[in-house]
Amino acid sequence: MLETLYFLGIAERRTASDIGPKFDGNQAVELPMIAPPPSLAGLRAQAAGCRACPLWKDATQIVFGEGPAHAQIMLMGEQPGDREDLAGKPFVGPAGQMLDRALKEAGIDRKKVYVTNAVKHFKFVPRGKIRLHQKPNTPEIRACRQWYERELATINPALVVAMGSTAAQSVFGKITPINKSRGHLIDMKDGRKALVTVHPSYLLRLPDQDSRAREYERFVDDLKIAATQLQRDKAA
Ligand code: URA
């Protein structure tokens, strides 16, 4: 709601530094007032200057979504990791390799899907030479949702696949339990379908080989639902 008011120029505009530690994601913050962009390239350029939450300060750069401008499927992860932050591209690190493998097995060509994240700057804490991933909080997810909304409006995918709890929170606008919601198509109010599954990093974190193999198969099965939907849309 606030995002809509803000987008229409009705909401009050303040900078993240005006708000400082009191930032809770409910304030509208400063971005240039802009008409809806004509293209994905235009959106990407606008997003590069995003200051809607404080995460831009420590990140190397924004990691915007990537893929065909009119992809039928949008895949959403949580936020860029260390490798993605440096490369400026989503899902190029270990989670990306896991995702690529599973997509291939499900019969989905990654080059044909749009891949993005709920939060587009890397959130981390430094630990010596390492940057330790931190889960984005609700205010950060809300602040970044405007970019997802604009990606949706521009790309107009028939299906959005939310991978993990942060993506599901962004797609549904509320905390959404993965296990209850995963594995079936969900009708959205805007006529699109959504599919919830786990995040590929979850598979990397599983401690034993058996559970990793089992959960990987379930992940592939979920992606096969997306593949089937894609075939149906093509045939229609
Ligand atoms: N994890 C994510 O959620 N997104 C990426 O781009 C990489 C890792």
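Any read-out appearing in this document is the output of simple, stated calculations on the displayed coordinates, not a laboratory observation. This one's a predicted model, so the numbers in the text were calculated from it and none came from an experiment. FYI the Cβ positions are ideal-geometry reconstructions off the backbone, even for glycines, and counts take in every protein chain you see.
Please identify every one of the trypsin sites (Lys or Arg not before Pro) in region 168-236 that sits in a loop by DSSP and has no more than 10 other beta carbons within 10 Å of its own beta carbon.
Loop-located and lightly packed - 174, 189.
Enumerate the amide H contacts of residue 78 below 5 Å, restricted to partners 5 or more residues apart or on another chain; note that Pro and chain-start residues carry no placed amide H.
118
Please report the antiparallel percentage of the DSSP beta bridges confined to region 63-235, to the nearest 5.
Just about 35 percent of them are antiparallel.
About the Cα centre, and with charges only on the beta carbon of Lys, Arg (+1) and Asp, Glu (-1), how big is the dipole of region 190-230? Nearest 20 debye, please.
For region 190-230, the charge dipole is close to 120 debye.
At 7 Å along Cα-to-Cβ for each site, give me the label-to-label distance between residue 234 and residue 110 in nm.
1.9
Separation of region 89-121 and region 136-194 by C-alpha centroid, Å?
Here the two parts' Cα centres lie 16 Å apart.
Hey, what do the phi angles of region 199-208 turn into as Karplus ³J(HN,Hα) couplings, whole Hz, using 6.51/-1.76/1.60 and θ = phi - 60°, x for Gly and Pro?
7, x, 5, 4, 5, 5, 8, 5, x, 10
Using square roots of five times the C-alpha gyration tensor eigenvalues, list the equivalent-ellipsoid semi-axes of region 145-236 in whole Å, biggest first.
For region 145-236, the ellipsoid semi-axes come out as 24, 17, 11 Å.
So if I place +1 on the C-beta of Lys and Arg and -1 on the C-beta of Asp and Glu, and nothing else carries charge, what would the dipole magnitude of region 35-100 be about its Cα centre? I want it in debye, nearest 20.
Dipole size: approximately 260 debye.
Compute, for region 63-235, the length of the dipole vector about the Cα centre, with Cβ point charges of +1 (Lys, Arg) and -1 (Asp, Glu) only. Units Debye, rounded to 20.
That gives a dipole near 220 debye.
In what sequence do 228, 154, 116 fall when counting other Cβ within 10 Å, fewest first?
Going from sparsest to densest Cβ surroundings: 228, 154, 116.
Report the extension gain between residue 60 and residue 137 in nm, rounded to one decimal, defined as 0.36 nm multiplied by the number of residues separating them, less their alpha carbon distance.
Once the chain is fully extended between residue 60 and residue 137, it gains 25.8 nm.
For region 61-123, what are the per-bin percents of Cα-Cα distances with bins 5 Å wide, up to the bin holding the maximum?
4, 21, 29, 26, 15, 5, 0
Restricting attention to the alpha-carbon atoms of region 63-235, what are Rg (one decimal) and Dmax (integer), both in Å?
Cα radius of gyration and Dmax of region 63-235 are 15.2, 53 Å respectively.
For residue 127 and residue 48, FRET efficiency with R0 = 45 Å and r from the beta-carbon atoms, rounded to 0.05?
0.95
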